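Visitor: Take this structure first; my questions come after.
The values are calculated or read from the model by the stated rules, or taken from the named source; none is laboratory data. This structure is a prediction, so every number in the text was calculated from the model and none was measured. Positions of Cβ are generated from backbone atoms using ideal geometry, with glycine treated the same way; all protein chains shown enter the neighbour counts. Heavy atoms of the whole protein, side chains included, go into the accessibility calculation; ligands, DNA and RNA do not. Shrake-Rupley method; radii C 1.70, N 1.55, O 1.52, S 1.80 Å.
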Amino acid sequence: MTMHPWAIAAVVLAVVILGILGWFARRRPTEHQDVRWVANAGYLTTLRSYRSRLSRYRTALGFMGVLLLGATVLTGILAARPVERDLRAEEMAYRDIVLCLDVSGSMIEYGTEIAEKFLTMLPEFEGERIALSIWNSTSRTVFPLTDDYDLVEAELTEAAEALDFDIYSPIDNLNSAKVDRLIRFITGTEGGTGDASSLIGDGLASCALNFDEADTERSRTIILAGDNEVFGEGVFTLDEAVDLVHERDITLHGIYAPTTNPRQAEEEAEYREAVERHGGLFYHASDADAVPRIIDEISAQQAVDLDATPEVIVTDTPERYFGILVVLLVLYQLGVWRLRS
């Protein structure tokens, strides 16, 4: 996109006019008295070597013309001021999102899929802060709230790859590199005592504590991914954690990964009721619409809560064209030198 599209045509037209003026202002033909005639030279134009050189010369002239035309167009584009336009709201920087992921044994097989779903959200974000917290019997913050999207992408990619592990596969369990990578990633999530596992209430409560700047007006959202298959007793039940989240004015959305145990229907119903109690969205991990609909909901919440007014941000982008122009001009100069020699 350019700020002044007409400048391209103006530059091309100016070059054409200068070319025409140069054609008429060229040196007048040499007078006959200044020419030295050579006898018996007519056959030279029929020689194969002469025709070959003439063909190469004409090809070189054509190539030079293409280079000059390209340089002219690029000059016009630069004169037209190439830019990128972004529709942005300054208030969007006041949006915080914590990704809250269960990494218990029953969730490992869904971990990669859910981490990849989180990755698909990144292109939709600009200025928001994102955090990732993982939990089993205890919680670990993989990275705190940050708008460093290179870091976010790297960490989510590592999560997707580390959790790409089938705990029931002998092949994966005998692969020491995969085992070590998984253990490194989930380290810090199994610090409890006894056989406690997948304590969703404690995991969610821990995610709620990841939000800072409590006195600042911000949009806060937790995206919780788990299966609600709890083993043991935690400090918080799921309902208590949901109430804590609501008290802190945090919106909760849930992504549910179904299990195969006899209580699956009951666990799913409890999870859905907890998420939807205060207006959150509930989706299955296999639902292709989960990510876009959650993003739409967060964006709508942002606009209502913070009265975001979009602003057009214009950024000049001449570098991509300037480099090509320099290359073309260098090739053109080399071509002129070669033809003259």
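Visitor: How much accessible surface area, in Å² rounded to 10, belongs to the heavy atoms of VAL83 with a 1.4 Å probe?
Guide: Here the residue's solvent-accessible area equals roughly 0 Å².
Visitor: Same structure, new question: Per-residue ellipticity at 222 nm for the chain, helices alone: DSSP H runs ≥ 4 residues times -39500 (n - 2.57), over residue total, nearest 500 deg cm²/dmol?
Guide: -16000 deg cm²/dmol
Visitor: Now for a separate question. Skip the ligands, DNA and RNA, and give the accessible area per residue of the range 227-288 with a 1.4 Å probe, whole Å².
Guide: Per residue, the range 227-288 has 53 Å² of solvent-accessible surface.
Visitor: Counting only DSSP beta bridges with both residues in the range 79-234, what percent are antiparallel, rounded to the nearest 5?
Guide: Among the beta bridges of the range 79-234, antiparallel pairing accounts for roughly 30 percent.
Visitor: Over the range 179-242, what is the mean sequence separation of C-alpha contacts under 8 Å (at least six apart), divided by residue count, expressed as relative contact order in percent?
Guide: 51
Visitor: Can you compute the modelled spin-label distance between LEU329 and GLU213, with each label point 7 Å from Cα toward Cβ, in nm?
Guide: For LEU329 paired with GLU213, the spin-label model returns 4.5 nm.
Visitor: Could you give P(r) for the range 219-289, binned at 10 Å from zero, as whole percent values over all Cα-Cα pairs?
Guide: For the range 219-289, the pair-distance distribution reads 20, 53, 25, 2.
Visitor: As an exercise, use a Förster radius of 25 Å and the Cβ-Cβ distance of SER286 and ASP172 to find the FRET efficiency, rounded to the nearest 0.05.
Guide: The calculated FRET efficiency here is 0.70.
Visitor: For the modelled label position 7 Å from the Cα of LEU122 along Cα-to-Cβ, which residues of the range 151-173 have backbone nitrogen atoms closer than 17 Å?
Guide: Backbone N within reach: 151-164.
Visitor: About its Cα centre, what dipole magnitude does the range 106-257 give when the only charges are +1 on Lys and Arg Cβ and -1 on Asp and Glu Cβ, stated in debye to the nearest 20?
Guide: About 300 debye.
Visitor: Take every Cα pair under 8 Å in the chain that's 6+ residues apart, average their separations, divide by the length, and report that relative contact order as a whole percent.
Guide: Relative contact order, the chain: 22 percent.
Visitor: Dipole of the range 50-179, Cα-centred, from +1 at each Lys and Arg C-beta and -1 at each Asp and Glu C-beta, to the nearest 20 debye?
Guide: Magnitude of the dipole: close to 1660 debye.
Visitor: What's the carbon and sulfur percent of the range 52-186's accessible surface, probe 1.4 angstrom, rounded to a whole number?
Guide: Carbon with sulfur: 55 percent of the solvent-accessible area.
Visitor: Ranked highest first by average number of other Cβ atoms within 10 Å, how do 161-169, 198-206 line up?
Guide: Highest mean packing first, the order is 198-206, 161-169.
Visitor: Once Lys and Arg get +1 and Asp and Glu get -1 on their Cβ, which of ASN228, VAL242, ASN210 lies farthest toward the positive end of the dipole of the range 202-253?
Guide: Going by the Cα projections, it comes out as ASN210.
Visitor: In addition: Just to confirm the number: angle between the C-alpha axis of helix 319-340 and the first principal axis of the chain, 0 to 90 degrees, nearest 10?
Guide: Helix 319-340 sits roughly 20 degrees off the main axis of the chain.
Visitor: In nm, what is the difference between 0.36 nm times the number of residues separating ASP296 and ARG277 and their Cα-Cα distance?
Guide: Gain in length upon complete extension: 4.9 nm.
Visitor: Only four residue types carry charge here, +1 at the Cβ of Lys and Arg and -1 at the Cβ of Asp and Glu. Report the dipole size of the chain about the Cα centre in Debye, rounded to the nearest 20.
Guide: Around 5380 debye, computed over the chain.
Visitor: Can you bin the range 115-190 into rounded, prolate or oblate? Criterion: square roots of the alpha carbon gyration tensor eigenvalues sorted a ≥ b ≥ c, rounded for a/c under 1.5, prolate for a/b above b/c, oblate for the rest.
Guide: prolate
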